Each structure stands twice: as structure tokens, then as C-alpha cells.
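Novice: Have a look at this one.
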Amino acid sequence: MKPRDRLRIAVQKSGRLSDASQDLLSRCGLRFRHSRDKLFCFGESLAIDLLLVRDDDIPGLIADGVCDLGIVGRNVLAEQECAAQLRGETPAFEELRSLGFGRCRLSIALPQELDYDGASSLDGLRIATTYPALTTQWLKSEGVDAKVVVLSGSVEIAPKLGTADAICDLVSTGATLQANQLREAIGILESEAVLAGSTTAPKGERGELMELLLRRIEGVIQVRE
Ligand code: PRP
Ligand code: ZN
Ligand code: MG
């Protein structure tokens, strides 16, 4: 593969972090020409291109060197980091800095009628989640013997469907839990949008572009705070 000169940054295509991520980049002075399929956006103001992808794919794209940077929830990075550790591997991506938006938490939630009186209340339950590594690690650290049921989405409906007794999912406003008659029991991870990058920073032109972008992000965030 021919080495890339241009820097590439991945952001969520559609979801909670999409608009704020693109807004941050535009405040950094980045302008893009959107392609027909809208997945790859060519940077017109600087040699920095944008890739619009599923948030869960961002750590892998960085690890594989397809992208240099990504804007993603700490929850996604932490889950994939934890999963790598459970496999005995060291992840090739890392959090570079927090971005101050998209705050939420990963929490265990129970149906209204189930009481929560500490972690041992979860003993023997089936817990549905899209975050199996973080959930498993937390249950283990609390000495809870519960079964983790892995789902790829619509976790909140699992207790109603009878496929699980409780869930472990992201809570932001709490509206989703409320709509599904679930009550937050305990938070296991605080999250927000972060800038992620490779554990080996790019060199040469791309390295310089990355430093420039990091300085601009710093400036934008300081103005906001
Ligand atoms: C999260 C989570 C809930 C929702 C909670 O999904 O899975 O569905 O947000 O937010 P609320 O408390 O404000 O109702 P997210 O948008 O992060 O997307 P994903 O799970 O599809 O990746
Ligand atoms: Zn996702
Ligand atoms: Mg969701």
C-alpha cells in the first residue's frame, strides 16, 4: 500500500455524537467536499479527510491504520480495550483527549419491580448488553455470578421480551429507560466523546497535520470552557 500523505479522521455517521463531532471539526476550520455516497469526505481547507462510519468500527479502523484519528465515545474504546485485554492482547488505539460533549454513563438497569440493594442483587440474573467485556469485568470485580447475554441492539426491550432480567446500557437523558419501565441501578463507567488515535503516532506530513489539528481542537475546547 502506498503511504498516505493526507490525514484521515473517522466520525460516527449517524447517532448521538455525529453532529457535535462534525461541528467540532468545522470550528477547527476544516471544510469538506462530500462525496456521493457521503462516506468519504475530501478535506478542502487542509489535507485532512473525513470518514463517516459506525462508531463501533472506529477503534478497529485506527488499529488497522485506515484512519489516524477518530471521535468516539469512551464507552466504545473502553469496551474494545477491555475485550482485547480479555484475549490477552494490547490494543493499538488509545484515548488522546476528552472532548467535553456526549456525556453519558454505562449503567445496569432493572425492571421497576425488581429491587436493587447492592451488586449481590444481580446474582443469578441474565444481563443483556452490547458491552459484554465491560459488563463481565465489572460483575467479576463485584464478585457477582450473573449471565451476560450479548445483543447487538435494542437492549432495553430484552427484559420485556423475557430474553434477560436486567440490562447494561448507556444512559444519557434516561428517556429510553423510562420508556421501557426500567430503573437505573448503578453506573459502571462515565463516558463522553473523546479523540482517539493510534498508540504509534504518524510521522512526517501526517504527523504535522495531526499536531496542527490537536492544537486547534485544544483552542476550540478552551473557548467553550
Ligand atoms: C444509547 C443507548 C440508548 C440511548 C440512551 O444509544 O443504547 O439507546 O443511547 O439515551 P437516553 O438515556 O438519552 O434515552 P446510542 O445512541 O449511543 O447508540 P448505539 O447504542 O446505537 O450505538
Ligand atoms: Zn454503536
Ligand atoms: Mg442504543
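Novice: Read phi for every residue in the range 176-181 and hand back ³J(HN,Hα) as whole Hz from Karplus 6.51 cos²θ - 1.76 cosθ + 1.60, θ = phi - 60°, with x for Gly and Pro.
Specialist: 5, 4, 4, 5, 10, 6
Novice: Hey, how many Å between the Cα centroid of the range 7-44 and the Cα centroid of the range 77-144?
Specialist: 29
Novice: What is the set of long-range amide H partners of Cys67 at a cut-off below 5 Å, with H atoms built 1.01 Å from backbone N?
Specialist: When sequence neighbours closer than 5 places are left aside, the close amide H contacts are Ile62.
Novice: Rounded, prolate or oblate, given the Cα gyration tensor of the range 104-190, with a/c below 1.5 counting as rounded?
Specialist: Taking the square roots of the gyration eigenvalues as a ≥ b ≥ c, the range 104-190 is rounded.
Novice: OK, next. Using the Karplus equation 6.51 cos²θ - 1.76 cosθ + 1.60 (θ = phi - 60°), what ³J(HN,Hα) coupling, rounded to whole Hz, does each residue of the range 125-136 give in order, writing x for Gly and Pro?
Specialist: Whole-Hz 3J(HN,Hα) from phi for the range 125-136: 7, 9, 10, 7, 6, 9, 10, x, 5, 5, 5, 4.
Novice: Moving on to the next point. Could you work out the local net charge near Val76, counting Lys and Arg as +1, Asp and Glu as -1, over the other residues with Cβ closer than 12 Å to its Cβ?
Specialist: -4
Novice: Please list the non-local residues whose amide H lies under 5 Å from the amide H of Cys104, H modeled 1.01 Å from N, same-chain partners needing a gap of 5 or more.
Specialist: Ser191, Glu192
Novice: Please arrange Thr90, Thr135 by counting, for each residue, the other beta carbons lying within 10 Å of its beta carbon, fewest first.
Specialist: Ranking Thr90, Thr135 by Cβ neighbours within 10 Å, fewest first, gives Thr90, Thr135.
Novice: Then there's this: Return Ser152, Ser172 ranked ascending by Cβ neighbour count within 10 Å, so the fewest neighbours appear first.
Specialist: Ascending number of Cβ neighbours within 10 Å: Ser152, Ser172.
Novice: Another question about this same structure. Any aspartates and glutamates with Cα under 14 Å of the Lys203 Cα? List them, leaving off those in the same chain fewer than 8 positions away.
Specialist: The qualifying aspartates and glutamates are Asp5, Asp68, Glu211.
Novice: Tally Lys/Arg at +1 and Asp/Glu at -1 over every other residue whose Cβ is under 12 Å from the Cβ of Asp64; what's the total?
Specialist: -1
Novice: Considering amide H positions built from the backbone, and no H for Pro or chain starts, which residues 5 or more places from Leu151, or on another chain, come under 5 Å of its amide H?
Specialist: Excluding prolines and chain starts, which carry no amide H, the hits are Thr129, Thr130.
Novice: Still on this structure, I have one more. So which aspartates and glutamates can Lys38 reach, going by Cα to Cα under 17 Å and dropping same-chain residues fewer than 8 places off?
Specialist: Cα-Cα hits under 17 Å: Asp19, Asp23, Asp49, Asp55, Asp57.
Novice: Is the shape of the chain best called rounded, prolate or oblate, per the rule: a/c under 1.5 gives rounded, else a/b larger than b/c gives prolate, else oblate, with a ≥ b ≥ c the square roots of the Cα gyration tensor eigenvalues?
Specialist: Since a/c reaches 1.5 and a/b is larger than b/c, the shape of the chain is classed as prolate.
Novice: Near Lys160, which aspartates and glutamates are there with a Cα under 17 Å away, not counting those fewer than 8 places off in the same chain?
Specialist: Glu113, Asp115, Asp169, Glu184
Novice: I would also like to ask the following. Give me the angle, in degrees from 0 to 90, between the Cα long axis of helix 18-27 and the longest principal axis of the Cα atoms of the chain, rounded to the nearest 10.
Specialist: Once rounded, one gets 30 degrees.
Novice: So what is the 222 nm mean residue ellipticity for the chain from helices alone, if each DSSP H run of at least 4 adds -39500 (n - 2.57) and you divide by all residues, rounding to the nearest 500 deg cm²/dmol?
Specialist: -9000 deg cm²/dmol
Novice: Fewest to most neighbouring Cβ within 10 Å: what's the order for Val144, Val194?
Specialist: If I rank by nearby Cβ atoms, fewest first, I get Val144, Val194.
FYI, it's all coordinate maths here, none of it is from the lab. If you're wondering where the values come from, they're calculated on a predicted model, not measured in any experiment. As a convention, Cβ positions derive from the backbone with ideal geometry for all residues, glycine included, and neighbour counts pool all protein chains shown.
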